[in-house]
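Participant: Below is a structure I'd like to ask you about.
Nothing in this text is a laboratory measurement; each read-out follows from the coordinates by a stated rule. Everything numeric in this text was worked out from a predicted model, so none of it was measured. Don't worry about glycine lacking a Cβ; one is built from the backbone with ideal geometry, like all the others, and counts go over all protein chains shown.
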Amino acid sequence: MALTLTVGNRTYNYSHCIGTLYTSRGGQDYILDAKNEDVMYVISRANGADVAFGAIQRWAKWDLEKDEAIFETSTLGAEDGNFLWPAGVAQGPDGNIYISDEYLNRISIFSSKDGKFLGKWGVPGAAPGQLGGPAGMRFDRDGSLYVVESQNNRVQKLTKDGRRLATWGEKGSGPGQFDAPFGIHIDAKGNIFVADWGNNRVQKFSPDGQFILEFGASGAGRLLRPTGVATDAQGDVYVADWGNDRLQIFDAEANPIASVYGDARELSKQGQRVINANPDFVKARRRADTSVEWKFFRPIAVHVNSRNEIIVMESLSGRMQVYKKEKDYVEAQFNL
Amino acid sequence: MADRDIPLMAHLMRRAGFGASRDELEARAKKGYEATVEELIDPDAHGMPRVDILKLYRYHPMTEVPPNPSSAQMNLIFQFIQTRRPLEEKMMLFWHMLFATGNSKVDSPPDMIKQMEILRSKGLGNYKDLLLVISKNPAMLFWLDNNQNHRTAPNENWGRELLELFSMGQGHYSEDDVKMAARAFTGWTMKPKLPRSPYMRGTWEFEYRAEDHDDGDKTFLGRTGNFNGEDIIDIIAKEPATAQFIARHLYNFFVEDDVQVPSWLDVPAKNPKAVDTIAKVLKDSDYDVKSALRFLFNAPFFKDEKVWFAKVKNPTELVVGVSRLVGEYQERSMPGLVQTAVEPGYQGQEIVNPPSVEGWHYGSEWIDTGSLVRRVNYAAEKLGNASFPGVQSIIDRLASKFSLTPEELLDGCLELLGMIRLEAGTRKQLIEHVQAAGPLKRGSTEAQRRAFAGRVSELLQLIGSTREYQFC
């Protein structure tokens, strides 16, 4: 895999990477701060156990430039402000951070300034308005929260304090049906993309939940248990193809364009700090083949920022790889 | 269906699997004993699906590259509980108990999981092939110091255990054979490994270093030549002791508890004739494990009622058997999976971390005052919990019977728990216990239903606490 991938008139340049395993063991999702894209909120589940044996569930506010935590907190348990299976994170119009718990069936709310626990809502169940396995979440422009439910196999549109506005979906593999769906994305036009994990596809819906199209279940760009979706300003769709360890890119009409497998040949700032702290690591890395770590390791969430940078979070390496997309790329007209 | 079909099927499923519910036993008995054996030994040919492991990794991400033994145990226990190919998992356990490799030294749960996957995928294949793959498995190489076995400075650890514990057994080779085997395996090592920090990508890969291999002639078990590791395995496989040793292990694991391995040289097998015939099948089939197991499970010595309930369940069998029966983690995983995963360790069998290369001592040695309390508590707690679907189903089936004496209630519970047998004394005590609590009423009100469920689950708990429940 080259550090630069050119397909048609699009070029994807690998830029840099962020974080380490210690940033987010078993990372699940992240969201860029609405006001400062160089800050993110990241959640991780470790091994999803209810007793700590080593790594545990955490969430953190992270500075992407410095590649270090602004704050981070360990959160194992069912008490207020803690998690068993954190799954999705979203930022509300109030700036607060909303984190879903796929096992405790609740949404917890935290201050984005200092991480203070502000409240929670959610009643477990399958009735409209109740929650069954809340996973991916995004707010739309109007401040409504869309929650994907992996156990109830549906999407709910809720107010930020959990009152139900709309519900759609059921278990199945037909249009508008789901099998353990995971991530969600809302594009600039308000269309909703859902990573339909168990059905190996992405479904696109209108803002009011009408099925528009599905892709990834067959043919080129076939997905395996996709987890996250993002779109860019040109309408291209990026899918975290978790099961295939790649980023799958589609155009706005859902035609596959390219597959990206990861190119992180150098360490992140954070990673370099970890290595520098232990001379044995430095020596061992000189002897070993590092190419295996260039690749994505369970890419799980993806966002595109306003600089057209595609940021892919890898669940198992706790790292993010950043690509920069150049649109309207034209081959040089002279001999370089 | 003959009267003996279901109890015999229950015996097969306790040994070749982790036990089975009454419904499963009925379905299997209808299909037939031999057909069930075929399905168990060749799950691929019978379309039995593998566990959808991505369903574990989605909800428990770090179990895919476990940072600690408990996460590795979650990975394994999930597959034990969900599998529809139980003999494949039992054979993985069998080989793990034989090729015992411990994370206490290896210190890399992801490498341990890789080794376990070899034991799973090749455990029902050919023993010779498996022995060769295990000889190249980095966790094993590191565990037995073969990465320090050099042309100029041989290390005999791997060569010794290969002969003593993994193939022929004590008494069938000389000290010189150990030294020659060690020389033949010089240069078998692993590539430099990427440290697991910062991205958890570092697992070992095998590497053969020709420059570190001793190319001189070696005399091994009476043959002389410039042997490499593959030649040693070929020669070992030709020795009658090898087939005998593996056959005795199979008999010990599946039929009757033997004395501990270090005593095998002095104490004959419990059923030498049976071991001889299994060894012959192994030899005649060039070490095809499926052929040996097909023979074993269909043999009169296996079906003989004298060997039913004659083996002490190992902790993994006990824990997984109970979990499968009560139906936990069948629909989906839950955060409590870790508690189930570490339970066999608390009972004395810490998977991926045996106490030494000799593996765990088995049979009655599984039971001591500490482990017995844990075993009883574990079974009683799960079997007495009516919120588990498997327990609820037992209650529902008993509640649907028209009339139920205390004897019938006990027999019903024993049947539904998988055809458990009790000794007369235990049976009498349990019946008296049921009688003492007053007449059994089922009724239709919520309170009556709850009371009946309470009586049943209490009796299930008591059965789970009996001496007899410790056997399979």
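Participant: Over the range A:140-189, what relative contact order in percent results from Cα pairs under 8 Å that are six or more residues apart?
Facilitator: The value is 32 percent.
Participant: As an exercise, take the mean of 1/r over every pair of distinct alpha carbons in chain A, invert it, and state the Kirkwood radius in angstroms.
Facilitator: 20.1
Participant: Can you tell me, using C-alpha contacts under 8 Å and at least 6 residues apart, the relative contact order of chain B as a whole percent? Numbers along the way, then the final one.
Facilitator: Working: 668 pairs, mean separation 84.8, N = 472.
With pairs under 8 Å counted, the relative contact order is 18 percent.
Participant: Mind listing the long-range amide H neighbours of B:PHE471? Cut-off is under 5 Å, sequence gap 5 or more, other chains count too, H placed in the peptide plane at 1.01 Å from N.
Facilitator: Under 5 Å from the amide H of B:PHE471: B:LYS313.
Participant: Add +1 for every Lys or Arg and -1 for every Asp or Glu among the other residues with Cβ under 14 Å from the Cβ of B:VAL373, and state the total. Display every interim value, and only then the final one.
Facilitator: Numbers: positive: B:ARG374, B:ARG375, B:ARG467; negative: B:GLU343, B:ASP368, B:GLU381.
My count for the surroundings of B:VAL373 gives 0.
Participant: Counting only other residues whose beta carbon sits under 12 Å from that of B:TYR329, what net charge do I get with K and R as +1, D and E as -1? Kindly include the intermediate steps, with their values, before the conclusion.
Facilitator: Working: positive: B:LYS55, B:ARG324, B:ARG332, B:LYS382; negative: B:GLU328, B:GLU331.
Overall, the nearby charge balance is +2.
Participant: Hey, what did the range A:99-227 get for relative contact order, percent, Cα under 8 Å, at least 6 apart? Mind showing how you got there, number by number?
Facilitator: Values: 331 pairs, mean separation 18.8, N = 129.
Relative CO of the range A:99-227 lands at 15 percent.
Participant: Say the dipole of chain B comes from +1 at the beta carbon of Lys and Arg and -1 at that of Asp and Glu; which of B:ASN103, B:LEU430, B:HIS172 then lies farthest toward its positive end?
Facilitator: Of the listed residues, the answer is B:LEU430.
Participant: Let me ask another. With the cut-off at 28 Å, tell me which of the pairs B:LYS191/B:LYS283; A:LYS324/B:LYS114; B:LYS90/B:LYS303; B:LYS122/B:LYS283; A:LYS325/B:LYS114; B:LYS238/B:LYS273 have Cα atoms farther apart than that.
Facilitator: Cα-Cα > 28 Å for B:LYS191/B:LYS283; A:LYS324/B:LYS114; A:LYS325/B:LYS114; rest within.
Participant: Can I ask one more? If I take R0 = 51 Å and measure r between the Cβ atoms of B:ALA27 and A:ALA166 in this structure, what FRET efficiency does the formula 1/(1 + (r/R0)^6) give, to the nearest 0.05?
Facilitator: Computed FRET efficiency for B:ALA27 and A:ALA166 comes out at 0.70.
Participant: In whole angstrom, how far apart do the alpha carbon centroids of the range A:83-111 and the range A:242-264 sit?
Facilitator: Cα centres, the range A:83-111 to the range A:242-264: 28 Å.
Participant: For peptide B:359-367, compute the average count of partner chain beta-carbon atoms within 10 Å of each residue's beta-carbon. Display every interim value, and only then the final one.
Facilitator: On the way: counts 0, 0, 0, 0, 0, 0, 0, 0, 0.
Mean partner shielding for this stretch: 0.
Participant: Right, here's the next one. For chain B, which span is the longest to avoid every loop-located (per DSSP) member of trypsin sites (Lys or Arg not before Pro) having at most 16 other Cβ atoms inside 10 Å? Working shown, then result.
Facilitator: Numbers: sites that count: B:ARG4, B:ARG50, B:ARG84, B:ARG151, B:ARG209, B:ARG332, B:LYS401, B:ARG421, B:LYS441, B:ARG467.
The reported range is B:210-331.
Participant: Based on the Cβ-Cβ distance of B:THR445 and B:GLU331, what FRET efficiency does E = 1/(1 + (r/R0)^6) give at R0 = 25 Å, to the nearest 0.05?
Facilitator: Details: r = 29 Å, r/R0 = 1.18.
So the FRET efficiency works out to roughly 0.25.
Participant: So for the pair A:VAL292, B:SER104, with labels modelled 7 Å out along Cα→Cβ, what separation do we get in nm?
Facilitator: Spacing of the two 7 Å Cα→Cβ label points: 2.7 nm.
Participant: Still on this structure: Along Cα→Cβ, 7 Å out, is where each label goes; now give me the distance between the ones at A:ALA217 and B:SER364 in nm to one decimal.
Facilitator: 6.1
Participant: Mind giving me the nanometre distance, one decimal, between the label points for B:ASN385 and A:GLU79, set 7 Å out from Cα along Cα→Cβ?
Facilitator: Taking the two extended label points, one gets 2.3 nm.
Participant: Quick query: amide H of A:GLU68 versus all other amide H atoms, modeled in the peptide plane; which residues come in under 5 Å with a sequence gap of 5 or more or a different chain?
Facilitator: Amide H to amide H, under 5 Å and 5 or more residues apart or across chains, A:GLU68 pairs with A:ASP63.
Participant: Residue by residue through the range B:118-126, what is 3J(HN,Hα) from phi via Karplus (6.51 cos²θ - 1.76 cosθ + 1.60, θ = phi - 60°)? Round to whole Hz and write x for glycine and proline.
Facilitator: 5, 5, 6, 6, 10, x, 9, x, 10
Participant: Measure out, as a whole number of angstrom, how far apart the alpha-carbon centroids of the range A:175-195 and the range B:210-238 sit.
Facilitator: Result: 61 Å between the Cα centres.
Participant: Continuing with the same structure: Using the Karplus curve 6.51 cos²θ - 1.76 cosθ + 1.60 with θ = phi - 60°, work out ³J(HN,Hα) for each residue of the range B:170-182 in order, rounded to whole Hz, and write x for Gly and Pro.
Facilitator: Karplus values, whole Hz, x for Gly and Pro: 4, x, 10, 7, 9, 4, 5, 4, 4, 5, 5, 4, 4.
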